[in-house]
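Remarks on the structure that follows.
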Amino acid sequence: MGKLFKRTRATIILSGVLLLALGVIAAALPLAATDLACTVVGWALIVGGGITIVTAFVRPGDVLSDQADLIIAGVEIVPGLIMVMDPSLFAQWLWGFVGLYIVLTGVDDAFEAVDLRGARNHHWTWRLAVAIFTMVLGVLVFLATYASHTLGMMVAALALILDGATELVSGIRLTDPDKGTDFDE
């Protein structure tokens, strides 16, 4: 259990540091970060589509399944190519998904806060406040999708920094269950 605990704690702390770094970079270079995110997603779609095509021809299957795989590959590759060729065109779509992701992250944080409350942990209130603030930021990113790429990236950067800070604090404050101590004491 001690090894698992150390790996889990290190993963949480690393996650927090990476989220903080991404947030700072996104805040410093909002337009470049938007274009980079679209380009990365575009290449991921192209690679995924290529893999889908290869698996359609390599694995044994029925004709209907192979045709469906080829259609799915097209749905992956065409938007991927558009995103790579003109990242700003898909930036608005991307922000809708980023906003939704931030909202879902806040919902997950809220469930964690409620779990801490059930465990009679006195640190649940600030975690719930951060979760609600994260959800509000996600909604703002989603709504700013059509208003401004810069505004969307700045709000997303703030959400990344906030989420990274809470992950970092959680990882640092995490205590070893083998020693009989509770989380966040």
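The values are calculated or read from the model by the stated rules, or taken from the named source; none is laboratory data. Note that the coordinates shown come from a computational prediction; the quantities given were computed from them, not determined experimentally. Neighbour counts run over all protein chains shown; Cβ positions are idealised from the backbone, glycine included. The area values use the complete protein model at the heavy-atom level, side chains included, leaving out ligands, DNA and RNA. Shrake-Rupley method; radii C 1.70, N 1.55, O 1.52, S 1.80 Å.
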*Tell me, what is the FRET efficiency for residue 97 and residue 66 to the nearest 0.05, using R0 = 30 angstrom and their Cβ-Cβ distance as r?*
0.55
_Give me the percent of accessible area attributable to carbon and sulfur for the range 75-131, probe 1.4 angstrom._
70
_Once you order the gyration tensor axes a ≥ b ≥ c over the Cα atoms, which shape class does the range 15-116 get: rounded for a/c under 1.5, otherwise prolate or oblate by comparing a/b with b/c?_
oblate
_Can you work out the Karplus-derived ³J(HN,Hα) for every residue in the range 35-42? Use 6.51 cos²θ - 1.76 cosθ + 1.60 with θ = phi - 60°, whole Hz, and x for glycine or proline._
5, 5, 4, 5, 5, 4, 4, x
